[in-house]
Each structure stands twice: as structure tokens, then as C-alpha cells.
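What follows is a single structure, written as C-alpha cells, with notes after it.
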Amino acid sequence: MPEKPIPPRPDRSTVRVLLRLRPYVRPVRGRLVTAAVVAVVASCLSLVIPIVLKWLVDGPVTDRDPGGVWLGALYLLLLGIAEAVLFGFRRWLVARPLSSVEARMRADLYGRLQRLPIAFHDRWASGQLLSRGTTDLMLVRMFLAFPLTFLLVNGVTILAGYVLLLSQDRTLGLVLLTPVLPLVVLSNLFERRYGVVARRAQDQVGDLTTVVEESVLGIRIVKGFGRHRSQAKAFRELSGRLRGTELAKARLLAMIWAVITALPELAIGAALVLGTVRVADGNLSAGTLVAFLSTALALRWPVESIGFLLAMSQEAATATERYFEVMDAEEEPDTAEDTHGRRHPDGVRFEGVTFRYPDAPEGTPPVLDGVDLHVRPGETLALVGGTGSGKTTLTALVSRLHEATAGRILLDGEDIALMERDKLRSLVSMAFEEPTLFSASVGENVLMGAEGAGEPELRRALGVAQADGFVDRLPEGTATQVGEQGLSLSGGQRQRLALARAVVGKPRFLVLDDPLSALDVHTEARVEAALREVLRETTALVVAHRPSTVMLADRVALLSRGRIAAVGTHQELLRSNAEYAWLMSGEGDEAR
Amino acid sequence: MTDTTLAKAPRRKPPSGPADPFDRDDLPAPPGATGALLRSLLAPHRARVVIAALILLVREAALQAGPLLVAYAIDRGVPAFRAGDHGPVVAVAVGYLLCAVLSSVLQYAFVRGAARINQDALLDLRGRIFRHSQLLSVDFHERYTSGRLISRSTTDVESLRELLSEGLQELIGVVLSFVSISLVLLWLDRGIGAVAVASFLPLHLLVRLYRRRAGRVYAERSTAIAAVIVKFAETMNGIRPVRAFRRERANDTEFAALNHRHERSNGDALLEMARYVTGSRLVANTAVAGMCLWGAYRVAAGALELGVLAAAVLYMRRLYDPIDRLGMFLNSYESAAASLGKIAGLLAQEPGVPETTAPRELPHRTGAPGREVVFDSVGFAYRTGGEVLPRFDLTIPAGQTVAVVGATGAGKSTLAKLLARFYDPTEGHIRLDGVDLCDLTTPDLRRGIVMVTQEAFLFSGTVAENIAIGRPDATREEVERAAKAIGAHEFITGLPDGYDTDVRKRGGRISAGQRQLVAFARALLADPAVLILDEATSSLDVPGERAVQRAMDTVLAGRTAVVIAHRLSTVEVADRVLVMESGRIVEDGPPSVLVKGDGHYAGLHQAWRDSLVG
């Protein structure tokens, strides 16, 4: 299961979390503030309209003054037009800025994720990351669009309304003030509980996203074993849990909404009775009572809305929290030093390299435990070892996809830990065990391996990988789209393109992880012949599972129990090392 | 294009605007499918929707009673109180109390009831998308991509959630208050009421205009966010090569373009809403002014009571309160409609291999567990015309191990996929012990035939769970026995939590070779009559390969096996070799015979011998 979320701290303040959005909101704050002011003015207009009505009823209508009636209606019309324009203006003001805030946050998240350590990605299911970049950010945008403005606007409206009410009639106004305190206390309580449930719901959405993604990536297994029913059952359970959480959210919301509806309404009822009695006693004009109640009823919506505005804010706060969980993760520090001049041809040197995964439980032995190895300049060294002996991990250290825990790796005498990663990776070219192609054309995929390389380099690289034949038969040759959103190629074809990508830039250092595994014998032989030419000019580390791949290399190193157990030529090791002989021929099981 | 099996056909991508519905992320849905989908989601909850509407109706009535009580208090309560009759005032007090309590209780009931309808519909929809996508062919998924499917089942479902959670209340509320307030106004005064009803015409026109424009914008937005998700998912899944080839900056740029497209359509949607709000408010406020003028004249002329005008004025404002909410409803409706359209397009895709309606059972077998496989005049072509396998016949007796060799693109994998029923042949029949594969239920088919492919994907969960995919009801002992048989036990027990180790994100910490061993353990556990290995040993080292061979000799002895392998060490142990070229079987015989000839196999064999230890 994916990374378990950190439960929200009980003392976490919604406001403090939301304040973290400041840097993103800052560029659009002018628009947002203007929009808030416009909204306040519009709401005040809504409050003025009842007063005009009161004036209309108490004045011209009672006095039967036609001119006054016309004037009153004109005022109403003007106010109405102003209100409409302001409403639209407010939305126009924020439309583009809010989408830009969402887009900027998403771009930052994406950029950040691209640069977080590989170890981070190992721990986080991509569904959880994806849900942070989509649904969570939508919640944030919605918060900026509504609750942020309207908590303010409705707050001001309620405040102004109360001032109006108190000025119209003090006693009745005070009656309407009584529910405020209990409402504040209850809302606070609600907010806290809602936050916990909202967080759970968002995490469950992330888990669901992961399951959907895996169901596609593993579709062949699901189909091959006829497991779509049990997959669907697992999915159903997970989405059933989400439903339960959502219902718990709804229960909380229903409760607070009911309270927020009932208390003010009761106060209005009390004011109505009291007011009627006072009108009867002659202490209050009927017009004042109508205006007063009209104002009070106009406040009904702003007050009621507080419930879901708080709920939306709470959801936005948890979304923000989830967003910053990723943004707060440490990027790998790049301590670049000027190392020019220190470089001399020395090949690749591993000195006491030890590695354990940063998240490995205490007490587990390190994957690599003091690896000493020297790949001479221009040499090709094959790395051989049992399944899971750490060969792939060792190759990942060379381009610093993982950082060695101890010891150092030198490229031409230069410590890679002191090099800028970008520079390092421009020196070291890799082909991974799993050939990943991106959604781009064949040509683009291959040329990713070298900056500034063009058509001749592309043709040469395709030739080395024996990929020119099938590439030219593709519908649009090297311009054919491949990768997730393109033509799907067979494993062997993908592997050859990945190999072409690794060699296209004539890299100084080449790291190949079992580069020929998916090729048939004929192709393998041809690739090997061509690859030998390339390997002559470069220093290479090649992970090999089989004798045919080992043949590419000048020497072989045997990785066993996290250390280099032996180095020598293929023939030497076959004779002298039982484990090596076993790995290469599968015979002599007693070696294990 | 509705057929998914042609997915693998070569796709041309003209530089100006993609014409392919997959590229445009616009799978066709039959007309009316969107509405039908929404209806079918809500149909099981019809009773609850009605109850919710009734609750809302009563609640609205309780809320609307407020101004009436005000009018009653002023017109009747005040004179009565002056006359010493406290009855009407007490009635007002009690009435208001009741209304307040009632509306709050009903509010509670409604929110909970609506949430239940909403969540059940969403559960249903998520399940349908998931189940349906699992039925669709592998080729479909290769073109549709996981990102789009994620988008369908998250952001698109989310917009339905918004529609149902807020939209239902808004729609019912809007209709109820329009109807009830109009009726009250008509009852209070026919003239004022008539103005109110007349104002609905321009509102209606406005709504129509808005819907047309917003529908387009939202469809675009749904496509745009899906494209963002696809790019996002692709980057995260390929993070290693992204880093190694320093793609970060190039990716930032590409992502920015997709993100910007979404930003634009998002902004467009918000602007459409702004236009609607302005227009509808203008209509509403003009109507209010008109009604006031009309009413005031009538009062001045003595044709209307002052109290009635006071009440009418209060109602007038409230008549148009819901137009903002109507806007919100339309907004979420259009957004949901666009999303449901995309979902309907997905659901309209026909599964490439339909489940049988008249299932037949496999004959019971005594003795060896293998079954006979017969390809009877089988041919396979993509619908676009590309013939992959010309018509052929092939019989594999029960218990035989057949190796299939040949160059990439010779049709080996297609043969395997036909046998595994990833696709159905375009002509002819494939029979397992005389029963057509199309007549088998999925569970029977998978007890009969299991395929292990080159890419050994691990699902989130423990190693044991991953092996148990082969047979979900297997005990731990059985899981371990399968792992031991394939030689995976050793590395699994070396993991931090042994069999209970979480493989985390797609088995990041388990090497490709180890994953293939897990995949084999799965197949052993599934214990099929026919086992297909499609380049399933490519990442294994020599000892791993030997372990697989041993397992096939012992655990899987007597099974029928079809092995596609590049490495001839696997082929050598086969009873029979098929050499394929351009979709045809060009050589067929025992390896020991073929190797002596001068055909393809002899050549391959020689090359392979050369590649071995010199």
C-alpha cells in the first residue's frame, strides 16, 4: 500500500496552513483584493435595497405620491444594475488569476517532483502524487474563488447588517445577536472534526488513483490470470471505504448546517414577535419593522453559508497540507565545486562504496558493502552477480540516481559527489534494464541522449543498436510517435531504441544494464558486433546475465554479497571462481 | 472507429491536428449516451430522490413561511394585539418556532440523504469505469493510456460529485422556489405575479446561451486536464530515465504547454459563468424594480393593501435569489455533462473479447493435467486490413512443450495472445480439449490457460499477495511452495519482511530478474493446464533460467506449454519447435531433427552455440 499519510496534528491551525498559499497568491493579490472589495460593495447594495423599499413604502406609497414612486423605482433599478455589474465584475476579475494560481502550483509540483530523489519516488505511489496535482489543487482554487472571498464578504455583510439592525432598533438588534456565541463555538468544533475526515477522504482518493493506474499498467497480468473480478473487488472495497468517509463528512456538514439554520431563525422569530408587540404598543413603525425583518432575512443566506464555506476551507487546508508534504521534501543538494583541471584519464573508480536505501529498516545489511573496483579508461567491464546482488543499484550510483552512503566514486579522478548532477549525467550515459520510451517520436527519444546531435548521429546510433531496419519500416520512420501515447513496440525493439539513446552522444562513460536481454540470437550477435566499435572509444560498465553479453567486455567483475568477489577475464573467472562458473553455466549448484 | 482490436494498427499522426479519436481524447459515444448514463446512475435511487425532493419542498415551504408570518403579524397581529387579543401574536410565535425547527431538521435530513444518493451513484460510476476498463483489450489500454483512465475515474467523476452534491439541492431548490414564490406572488397579486412569470422568458434564453457556450468550454477542459495527467503519470513512472537523460527542463516546458491549455479553458469556464451572472442579475433586478413600481401604483390607487405590498416586496427579492444558484447548478451540470460524455465514450467501447452467454465446461480429465490445443483454420488480421497471421492449422497434443522461435514481428506474440484469448481470431476457432475458447467463462479459461509475459509487473501489496494473484485462495504454504519451486524463496526471505514485504511502488526495490521469478511463482500457483511463456525468462540469469526449466520439468510436468524464447537453452528442452516468419509457421519438428537440417532453426542454433561460453 502506498505511503501512509501523516495524520494532521490536532493543534494544526487551518489559517496557518492556508497562509502557506501566500507565495502563489501574491502575484494576483491585487485582483483578489479588488474582487473582495467589489463583493463587499455588492453585498452592501443588497442591504441598501430593503432600505429603499422601506422608504418607498413609508414615504411615497403611504403619501400616494406618484412622482416619489417613480423615483423609488428608478433608485431600485439603478441599484439593481449596479449590483449585477459588480457581481459579474468580481467574477471577471478573478477568473484568469485563479486558474493561473492553480496552474502555477501544478507546474511547481511537477518541477519539484522531477527533481526529488529517486528514493522519494520509491516510497510514494504515483497515484498519491497525481491526486495532489489534480483534485487537491482544484480544491485550493475553489477555496480562493469562494470561501476566501465570501468568508470575508459574508463576515462584513453580517457585521454591516448587524450595525444596520442595531441602528434601526437596538432591542430587536440585540435579540438577533444572541445566537452568535454558540455558533462560533460550534463552528470551531465542527471545523476540527471535519478536517480529520476530509484528510482521510483525500488520501483515499490518492489510493484509488494508484489502484486505477496499476490496473492499467498490470493489465496483461490481470488478463493473463483472469483476475479482473478480484481486481474489481479490491477496487470496490477501496471505493466503498471512500464512500464511508464521504458519508461521515456529510453527516458532520448536515449537523453544522442544521445548527446554523436553526439558531438565527429562532432569533428572527423572537424579534418578529417582540416587534409586533411593540408596533401594537405604538413604539415602532410598521415600516421600520418591515425593513428590520427584511434586513434580517437578507442576512439569512450569508449566515447559513458559513457552514459550507468553513467546510470548503477545511478541505482546502488539508489539500494544501498534502501539497506541501511533497513540496517540503528535501531536494538533493547540489554541491558543485570547480573541479576543472583535476581531471585526468583514469576511468571509473569505486573506493569503499557502501550503499543502503535511506528508508531501509534498522539492522538490514547494506546492499553494497565496501565495493572497490576500477574500470580502466577505454575499458569495458562486465558486472556479473546473482539475482538481486545489487548490480543495478551499483550502476545507479554512477550517475547519482542514488547517493552512495559511504565511500566515493571517481570519474577520471573527479569525485562525482562534488560534481553538478547535470554535468555528471552529461558525461555518463545509461541504458536501463527496463527500456522506457517517452511519448515522442523515435528520433526524439533517441536524441534525448545527446545535446545538439542531429540526423547523422541518429542514424549511426540506430545502426549500432540494429534498430535502423525496423525503424525505417515504421509508418513514419524516425518521426513515428512511440511511448505511452504512441505506437507500442515489442520489448526487443524498445530495448534497441534505449541502447541507441545511450550511445548516440558518444558518451565518455557508458553504463548498460543487461542491454541485450530481449534480443533474439541473430540480432544480439549483430548488435554486439556494432557495439564493440562504440565500446572501443568509451569507458563502460555493462551488467551481464549471460556469457554472450560478457563477451562484450575486456574484463569481468563478480559482485557477491555486496562486495566485488573477483575480477578477471571471463576465462580466468570460469576456471578459478565456482560462483562465477555457476552463474554463467548454471552447472555445479553446490557452489551456492 | 469503435473497434478496439485495431488499436495496434499503425497510426499516422498528421502534423496538423490529430484526427484519431484516441489522440483527441474524444471516443465517440452513441447519441444520448451521456443523459442515459446519468439517468441509469440515478435510477436505482429514484425513491430516494423523490423523498429528498419532498424534504426540500417542505423545507422550502417552512422557509417561505417567514414573510407570510410577517405580513400576518403586521396586518392581523398588530390590530388584534391593540384590541387585547394576544392569540395571533402567540400563533406567529409558535408558527415561527415550528418553521425554524422544521427547516433545520429537514436541512439535516436532506444533506444526509443527498449525500447517500450522491455517494452511491459515484460508487456505481467508479465501479462501472473500473470494471469496464478491465474488460477492454490490452491494445485499447496501450492507446488510451493509464493517465486518461485515471483522469476519467478521478477528475471526471469529481465533476459528477459536484453536480450531485450541490447540484441536486440547487436544482430542486431553484425549481421549488421559482414555482412556490411565483405562485405566492400570483396569489398575493395577479399583476405582480404576471411580471414575475414574464421575466422567466429572458432568463430562459440566457440559460440556453450559457449552456451552449459552457458545454464546449468544459469538454475542452476535461480533455486538457487528461492530457496534463497523462504527462504527469508518464514522467513519474519513468523518473529514472528522466533523471539520467536530464529531461527535467524539457519536461518542464512540455508540461507548461499542457498546463497552460488547461489554465486557459479553466479561465474560459469561469468567464462564461461571469457573463451568465451579470446577465441574469440584470434581468432579475429590472423585474424587481418593475414589480415595485406596479405594486406601489396599485397601493397609491388604493387597489392593493399595504401589507400585501410589503409581503410581495419581500418575496420579490427572494424570487431571484436562486438565479445565482441556478448558475452554479448549470455550471456544475455542464462540467459534469462534459465529463460524463468522456466516460460514456469509454463505456461505449466494446470489449475485444466478449464474455460468453452460453458457457460450456471443459471435459473432466483424468491422469495428466495438460490439455490439447487446436488452432482450426485460424487467421488474424487487424480491422484496418493488416494481416498478421494468415490462416493456419495447428494441433498441440496434451502435455507437449512447444517452443516458438522467430524474429521480432514474425507473429509469435500474436499466436500466444490468441491462445491466451487476449484477442479472438478474425477467422477460425481455437479449441481447448474440443471446447472453443469463446465458450469458456473467464474462470474456466484461466484455470485452463495462463500466460506469463516478459514484463513482470508487481502490484502494490506484499510479495505473497503478488504471488497469490495466481490463485487468490491459496494458503501461505502453497505460496511458499510455489516460490521455492521456482527458486525465488531465497531472495524473498532475504527481504526485510520476507513474504510480507511491501513491494511499494511497482516493485522499485526488486530487480527485474526477481520480478520475473515472482511472475513464475504466480503461474505455478495458478496451476494451469496450458502455460504460455512469452519471453518470460529474458531478465533471468542462467541459474534462474535453469530453475524455471526444472520447475517446468517437475511442478508443471504433463502440462501443455507454449514457450516463446530467444534463448535456445529454453528451446532445447521442448518436444517440438515452431519457427515463424512473417506470420507463417515455416518449420515444425522436434529440435533434434530441425537442428540437423539446413533451415532457420539450424541457423539460429548455430548462432546461439557461438554465443555461449567459448
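Readers should treat all values here as calculations from the given coordinates under stated rules, not as data from a laboratory. All values reported here derive from a predicted model rather than from experimental measurement. Positions of Cβ are generated from backbone atoms using ideal geometry, with glycine treated the same way; all protein chains shown enter the neighbour counts.
Other residues whose C-beta falls under 12 angstrom from the C-beta of A:VAL367 contribute a net charge of +4, scoring Lys and Arg +1 and Asp and Glu -1. Inter-chain neighbour count for A:278-288: the average number of beta-carbon atoms from partner chains within 10 Å of each residue's beta-carbon is 3. Each residue of segment B:282-293 is assigned a 3J(HN,Hα), and the resulting list reads 4, 4, 4, 5, 4, 4, 4, 4, x, 5, 4, 4 Hz, derived from the Karplus form 6.51 cos²θ - 1.76 cosθ + 1.60 (θ = phi - 60°), x at Gly and Pro. Rounded to the nearest whole Hz, the Karplus-based 3J(HN,Hα) values (6.51 cos²θ - 1.76 cosθ + 1.60, θ = phi - 60°) of segment A:172-178 follow the sequence 5, x, 4, 4, 6, 7, 4, with x at glycine and proline. Mark the label point 7 Å from the Cα of A:GLU330 along Cα→Cβ and return the residues of segment A:348-367 whose backbone N is within less than 13 Å of it. Those under the cut-off are A:358-359.
The helix-only estimate of mean residue ellipticity at 222 nm for the protein assembly as shown, built from DSSP H runs of length n ≥ 4 each weighted as -39500 (n - 2.57), is -20000 deg cm²/dmol after division by the residue total.
Between B:VAL58 and A:ASP281, the modelled label-to-label distance comes to 3.7 nm, taking each label 7 Å out from Cα in the direction of the beta carbon.
With the simple spin-label model, which puts each label point 7 Å out from Cα in the Cβ direction, the A:ARG376 to B:VAL50 separation comes to 9.0 nm.
Figure legend: label point modelled 7 angstrom from the Cα of B:GLU581 along Cα→Cβ; residues of segment B:348-387 with amide N under 20 Å from it are B:387. Straight Cα distances below 14 angstrom link A:LYS423 to the aspartates and glutamates A:ASP334, A:GLU337, A:ASP338, A:ASP412, A:GLU414, A:ASP415, A:GLU451, B:GLU248, with same-chain residues fewer than 8 positions distant left out. Counting Cβ atoms of other protein chains within 10 Å of each residue's Cβ and taking the mean over peptide A:90-97 gives 5.
Quick check for me: using +1 on Lys/Arg Cβ and -1 on Asp/Glu Cβ, what's the dipole size of segment B:476-600 about its Cα centre, in debye to the nearest 20?
Details: 16 positive and 19 negative charges, 61 e Å.
Using Cβ point charges on Lys, Arg, Asp and Glu, segment B:476-600 gives about 300 debye.
Of the peptides B:159-166, A:243-250, the order by per-residue mean of other Cβ atoms within 10 Å, starting with the highest, comes out as B:159-166, A:243-250.
If you take the C-alpha gyration tensor of chain A, multiply each eigenvalue by 5 and take the square root, what semi-axes do you get, largest first, in whole Å? List each step's numbers first, then the result.
On the way: eigenvalues 1015, 127, 94 Å².
In descending order the semi-axes read 71, 25, 22 Å.
Calculated FRET efficiency, A:ARG536 to B:THR554, Cβ-Cβ distance, R0 = 45 Å: about 0.50 to the nearest 0.05.
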